[in-house]
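Chemist: I'd like to ask some things about the structure below.
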Amino acid sequence: MQVNELLKTYNFHDSNVIKLIHENNTVIIKLDLCMWKQKGYQKGDLDLKEISLKFDPINHYIWDSKKAEKEIDYDTILDVSYYKDVLKMVLSDDEISIMSFRCSTVSYI
């Protein structure tokens with residue numbers, strides 16, 4: 001799937017990143033997606049759904065934070081943007097963390 005399609009389909013704001021793995025030109029993000037923020041959500045549906053996304057291949061990876069990627073534990077997604085094939089994700093916990101990388105495809109795992 002194309003990254004721009006993913007961002008048109010889902011609203012990631014307020015969802016929580018459980019785990020972040022960056023290795024071998026791949027980024028894997030495991031998160032609790034806020035289903036109550038999605039189109040078509042109805043009362044009685046699950047509020048959260050755990051999903052994992054694999055961005056592959058990626059390049060120009062940048063991690064801007066005082067904490068290491070391995071310290072991610074239920075950090076809240078404040079913003080996700082995608083411009084000229086660069087995905088930028090802003091996370092919040094005790095610190096603000098910003099991750100960005102160039103990529104055009106993503107898959108569910």
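Chemist: Quick one: order Thr26, Thr105, Thr9 from most to least accessible surface, probe 1.4 Å.
Modeler: In descending accessible area the options line up as Thr9, Thr105, Thr26.
Chemist: Which shape class applies to the chain: rounded if a/c is under 1.5, otherwise prolate when a/b exceeds b/c and oblate if not, where a ≥ b ≥ c are the square roots of the Cα gyration tensor eigenvalues?
Modeler: Here the chain falls in the oblate category.
Chemist: For a quick check, take a GNM of the chain with Cα springs below 10 Å and name the residue from Ile62, Ile72, Ile98 with the largest mean-square fluctuation.
Modeler: Ile62
Chemist: Another one. Out of the trypsin sites (Lys or Arg not before Pro) in the stretch 5-80, which ones are loop residues according to DSSP with at most 13 other C-beta atoms within 10 Å?
Modeler: Lys39, Lys43, Lys66
Chemist: Write down the accessible area per residue of the chain in Å², having rolled a 1.4 Å probe over the full set of protein chains.
Modeler: That works out to 61 Å² per residue.
Chemist: In the stretch 1-98, which GluC sites (Glu not before Pro) fall in coil by DSSP and have 14 or fewer other Cβ atoms within 10 Å?
Modeler: Qualifying residues, ordered by number: Glu95.
Chemist: Collect residues whose amide H, placed 1.01 Å from N in the peptide plane, falls under 5 Å from the amide H of Leu48; neighbours closer than 5 in sequence don't count.
Modeler: Met35
Chemist: Using a simple spin-label model with points 7 Å from Cα along the Cα→Cβ vector, what separation in nm is obtained for Glu50 and His13?
Modeler: My value for the distance between the label points is 2.7 nm.
Chemist: Roughly how many percent of the accessible protein surface of the chain is carbon and sulfur, given a 1.4 Å probe and a whole-percent answer?
Modeler: Accessible surface attributable to carbon and sulfur in the chain totals 47 percent.
Chemist: What residues of the stretch 12-43 lie in the reach of a label at Asp93, counting those whose backbone N is under 19 Å from a point 7 Å from the Cα along Cα→Cβ?
Modeler: 13-23, 27-34
Chemist: Follow-up question, since we're still on this one. Just add up the charged neighbours of Asp32: K/R +1, D/E -1, any other residue whose Cβ is under 12 Å from the Cβ of Asp32.
Modeler: The answer is -1.
Chemist: Fully extended, how many nm does the chain gain between Ile109 and Glu23 (0.36 nm per residue separation, minus their Cα-Cα distance)?
Modeler: 29.4 nm
The values are calculated or read from the model by the stated rules, or taken from the named source; none is laboratory data. Here the structure is a predicted model, which means the values were calculated and not measured. Cβ coordinates were reconstructed from backbone atoms using ideal geometry, including for glycine residues, and neighbour counts include every protein chain displayed. All accessible areas refer to the heavy atoms of the entire protein, side chains included, with ligands and DNA or RNA removed. Shrake-Rupley method; radii C 1.70, N 1.55, O 1.52, S 1.80 Å.
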